[in-house]
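Peer 1: Handing you this structure, nothing more for now.
A short reminder: the numbers here are calculations on the coordinates, not readings from a lab. As the structure is a prediction and not an experimental result, all values here were calculated from the model. Cβ placement follows ideal geometry from the backbone for every residue including glycine, while neighbour counts extend to all protein chains displayed.
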Amino acid sequence: MASLKDEVLAKLAAVPTPDGAPLTQSGKLSDILVTDGKVFCSITVDAAKVKAWESVRANAESAVRGVPGVRSVMVALTAERAPGSGAAAPRPPQSSTPPPRHGAGAAGAAPGPAARAGIPGVAAIIAVASGKGGVGKSTIAVNLALALRDLGLKVGILDADIYGPSLPKLLAIRERPETAGGTRLKPIVRHGMPVMSIGFLVEEETPMIWRGPMVMSALTQMLREVDWGTLDVMVVDMPPGTGDAQLTMAQQVPLKGAVIVSTPQDLALADARRGIAMFRRVNVPVLGIVENMSTFICPHCGTQSDIFGHGGARREAERLEVPFLGEVPLALDIREKSDAGTPVVATDPEGAHAKIFRDIATRVRAGLEVESRPAPQIVIEA
């Protein structure tokens, strides 16, 4: 009996490309990933031919969707510019104007949020980001989302880390999302919040060996082809660094702001500066910095130890003129509950750590209100 992957390949072999060749023989089709009835693949073409191949992508999805046993399909169309196909764009002249501060745009920066189409039903999208991995960004993102929920907002959370998704672990989600109408995915709901992650669609130990264009396409589909419903805020847990995912988010959706997570030591702060500079470059307001693992208090004797230093993020926020959102300690309780998929804000809402996250969420909400406030009208009387 043929495997599900063989049946999918057989269907794709019947899909013609613009020059009439079978898709499977075009050299444009990636390997087929099949997991629990979910099918993923990409078609990589020259950027100049994208429009001609869009119908091929749609036909491939339609063909695979008809295979018995297939529950959902994602066929990503990715574009690459052929070597030597065009001269590099001229570098813009360097300006002596200093980089913009909190909430300000940069001359020559990417178009502002108003120029990008939003997600229907989602009022505000914020990115939780870090310049490097290992600073506890995902733990902050999950608890921040829950704290915003506790403030009375309707909140959803998207895991944008394609290569290392964390939300399935942090929220103890093991089920697969269902499809709506065969074309859209229904997010998983945890603690009253819709949640989506690529980790829901692949096995935990499956490596995502995807090139940048496919990552960008997958992110776009998780943003726009998921039934998010009506949300006041979507919290996006970004991957570390300043690469494809960050640029995709900044270019595809109107981000209302970014929350930067760092530990206090200089090494992490150097990367946090790069993250802030990147968001400023693409004209995304920086809502503030969170200092994670700010200090350690021994649960046995109460002694405070500043393992990674203390106060570095606050000083950096003052230097860069961005808000300082708060300090989260290096606490055994936060770590244990995160590993168990029972975030501290949800499972110990009256505890001291939950209060820290609610205080941070209150400052984030205030920052969003400032960014949403219309600019004052200047009236010049004759």
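Peer 1: When the convex hull of the Cα atoms of the range 239-305 is projected onto a plane and the area is averaged over all directions, what value comes out in nm²?
Peer 2: Working: hull surface 21.7 nm².
The orientation-averaged projected area of the Cα hull of the range 239-305 comes to 5.4 nm².
Peer 1: Here's something else I'd like to know. Be a star and scan the range 273-304 for residues whose amide nitrogen sits under 16 Å from the point 7 Å along the Cα-to-Cβ vector of Arg319.
Peer 2: Label zone hits: 273-278, 289-291.
Peer 1: Would you mind computing, in nm to one decimal, how far apart the modelled labels at Thr303 and Thr35 are, each placed 7 Å from Cα along Cα→Cβ?
Peer 2: Rounded to a tenth, the inter-label distance reads 4.4 nm.
Peer 1: Give the calculated FRET efficiency between Thr362 and Ser62 to the nearest 0.05, with a Förster radius of 51 Å applied to their Cβ-Cβ distance. Could the numbers behind the result be given before it?
Peer 2: On the way: r = 47 Å, r/R0 = 0.93.
Using R0 = 51 Å, I get an efficiency of 0.60.
Peer 1: OK, next. If the chain between Gln25 and Asp266 were fully stretched, how many nm would it gain, using 0.36 nm times the residue separation less the Cα-Cα distance?
Peer 2: Details: separation 241, 0.36 × 241 = 86.76 nm, distance 5.18 nm.
Stretched out fully, the Gln25 to Asp266 stretch lengthens by 81.6 nm.
Peer 1: Given all pairs of different Cα atoms, what value in angstroms does the Kirkwood hydrodynamic radius of the range 251-349 take?
Peer 2: Values: mean 1/r = 0.0676 Å⁻¹.
Kirkwood hydrodynamic radius for the range 251-349: 14.8 Å.
Peer 1: If you don't mind, there's one more thing I want to ask. How large is the direction-averaged shadow of the alpha-carbon convex hull of the range 211-274, in nm²? Don't skip to the end; give the middle numbers.
Peer 2: Details: hull surface 21.3 nm².
Taking the Cα atoms of the range 211-274, their convex hull projects to 5.3 nm² on average.
Peer 1: In nanometres, what is the gap between the two model label sites at Leu4 and Ala47, each 7 Å from Cα along Cα-to-Cβ?
Peer 2: Output for this residue pair reads 3.6 nm.
Peer 1: I've got another one for you. Sticking with the crude label model, points 7 Å out along Cα→Cβ, report the distance from Ala340 to Gln221 in nm, one decimal please.
Peer 2: That separation, rounded to one decimal, is 3.7 nm.
Peer 1: Structure shown: which of Lys132/Lys154; Lys132/Lys355; Lys11/Lys154 lie over 31 Å apart, alpha-carbon to alpha-carbon? The partial results should precede the final answer.
Peer 2: On the way: Lys132/Lys154 29 Å; Lys132/Lys355 26 Å; Lys11/Lys154 41 Å.
Going by Cα-Cα distance, Lys11/Lys154 fall outside the 31 Å limit.
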